[in-house]
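Notes for the one structure printed next.
The values are calculated or read from the model by the stated rules, or taken from the named source; none is laboratory data. Note that the structure is a prediction, hence the values are computed from the model and not measured. Heads up, the Cβs are rebuilt from the backbone with ideal geometry, glycines too, and the neighbour counts pull from every protein chain shown.
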């Protein structure tokens, strides 16, 4: 295959992440945003050393697995990939993806390992508890839009008024906000969206967070400080009043104005002004209460997070075998959910997290839940491990998408603990890290994929490892 060549073929499978494997007369190529069983036409945009990648041009034949999508934005919005498939089929795809990634690594170990059936999302629709909607336009110089990036586009925005992965409250808040600023533009006010090429404009993002258990909602309007021709105080007050009058199921407990003049298309704060209520909300998980601020990390699917953490706790309790006086390291601990979940069954949990705001939240949440055997330390895992004098009996790893830093990985292995639990949000990083664990005497005992994000290409994986003392020569 050559760059620029147009090919046709059938999608035989999907590899993580979102890599459709297409069998053509000319060979095999990778095409994103395809569905198993489809016949597609693609143009090759990269060909090197016998490997080819293509861009999807057209679906020539639908897959026998496909059905009508429940979302009118499917195919335009870049978020959901598998929404035209039955949910059970998407779960099989993710389970097989993880297996294909891990089996070549784990085939090296002599010890038995159990690959369990993937765990389904408890709520396949309306499951997200956080959304970052972007202001823009659907076509160049078109009307103001608010929603998600169009598939394959950095600039165009789809107003996802009927998005199915959030509940009705999100949709009402989005529509109300969009209509409000559209009307202000029609009245002649300069409430233009922030143009990501020209770096001018006012409106950037709408951030919505809603607790699944308590129903509390936190809102933030993210803008630049380019306010020429905009009576900002009156404008934001009117927006606030409109939203507070909305007939919604949840309760808006806080509204904020976030000022962000960064040229990068990211949601961040140069300054945050509290407009209404409080700057945090409460969520409940596994019988524990969590105080969550606007930017603090928390799993974006509360119900599936309970499933994830329940499964992790089951693996850990089995490994501990009712032993008393255990000290657990919770590395990359975030807001301390795992630490607090383990607190009642161990002597002490020490959490390490590089984001200071998350550590502050973890301490507050532990106090909120009257848990006094959790210690949270702010700092890089690689450096903080040298300062902790108490040695662990078990280690929990829940690293970011890139996995564990190679130097930190060797330091963790150096403790020689009998059991290590690894929660991964990127199976490719997990497979890479597992090779190092296996080379240093560890073997995988249990493995399961957990679907946190229905219809998307993302999947979480939980691995329980045991030290067997057999190191690579």
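Values for this structure:
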{"quantity": "Condition check for residue 401: surrounded by fewer than 22 Cβ atoms within 10 Å (Cβ to Cβ), closer than 25 Å to residue 348 by Cα and either in contact (Cβ under 8 Å) with a residue 12 or more places away in the chain or in contact with a strand residue (DSSP E or B) (Cβ under 7 Å, 6 or more places away or on another chain) (or both)", "calculated": "no"}
{"quantity": "Residue satisfying all of: in the stretch 111-131; touching a strand residue (DSSP E or B) at 6+ places or on another chain (Cβ under 7 Å) and surrounded by 15 or more Cβ atoms within 10 Å (Cβ to Cβ); farthest from residue 203 (Cα to Cα) among these", "calculated": "113"}
{"quantity": "Evaluation of residue 139 against (1) over 28 Å from residue 295 (Cα atoms); (2) touching a helix residue (DSSP H, G or I) at 6+ places or on another chain (Cβ under 8 Å); (3) in a loop (DSSP other than H, G, I, E, B) (one fails), failing number", "calculated": "(2)"}
{"quantity": "Selection within the stretch 408-435 - over 15 Å from residue 331 (Cβ atoms) and either touching a helix residue (DSSP H, G or I) at 6+ places or on another chain (Cβ under 6 Å) or not in a helix (DSSP H, G or I) (or both)", "calculated": "416, 418, 426, 427, 431, 434, 435"}
{"quantity": "Lone unmet requirement of (1) over 24 Å from residue 308 (Cα atoms); (2) in contact with a strand residue (DSSP E or B) (Cβ under 7 Å, 6 or more places away or on another chain); (3) surrounded by fewer than 15 Cβ atoms within 10 Å (Cβ to Cβ) for residue 347", "calculated": "(1)"}
{"quantity": "Top-ranked residue in the stretch 156-169 [being in contact with a strand residue (DSSP E or B) (Cβ under 7 Å, 6 or more places away or on another chain) and not in a strand (DSSP E or B); ranked as nearest to residue 124 (Cα to Cα)]", "calculated": "166"}
{"quantity": "One residue from 141, 137 being surrounded by fewer than 19 Cβ atoms within 10 Å (Cβ to Cβ) and free of Cβ contacts under 8 Å to residues at least 40 places away in the same chain", "calculated": "141"}
{"quantity": "Verdict on residue 286 being surrounded by fewer than 18 Cβ atoms within 10 Å (Cβ to Cβ) and closer than 24 Å to residue 368 by Cα", "calculated": "yes"}
{"quantity": "Matching residues in the stretch 82-107 - criterion: being touching a helix residue (DSSP H, G or I) at 6+ places or on another chain (Cβ under 6 Å) and either in the same structural domain as residue 14 (by TED's automatic domain parsing) or not in a helix (DSSP H, G or I) (or both)", "calculated": "82"}
{"quantity": "Subset of the stretch 299-314 that is surrounded by fewer than 21 Cβ atoms within 10 Å (Cβ to Cβ) and in contact (Cβ under 8 Å) with a residue 12 or more places away in the chain - its residue that is farthest from residue 409 (Cα to Cα)", "calculated": "303"}
{"quantity": "Answer from 355, 328 - the residue that is under 21 Å from residue 425 (Cβ atoms) and either crowded, with 22+ Cβ neighbours inside 10 Å or not assigned by TED's automatic domain parsing to the domain that holds residue 403 (or both)", "calculated": "328"}
{"quantity": "Residue within the stretch 325-335 that is at pLDDT below 90 and within 25 Å of residue 368 (Cβ to Cβ) present", "calculated": "yes"}
{"quantity": "Residue in the stretch 208-222 that is surrounded by fewer than 22 Cβ atoms within 10 Å (Cβ to Cβ), over 21 Å from residue 253 (Cα atoms) and at pLDDT 95 or above present", "calculated": "no"}
{"quantity": "Criterion: at pLDDT below 95 and not in a strand (DSSP E or B) - qualifying residue of 237, 172, 185", "calculated": "185"}
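Let's see how each residue does on (1) under 29 Å from the mean Cα position of the chain (by Cα); (2) free of Cβ contacts under 8 Å to residues at least 60 places away in the same chain:
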site	(1), (2)
15	yes, no
23	no, yes
31	yes, yes
37	yes, yes
48	no, yes
54	yes, yes
57	yes, yes
61	no, yes
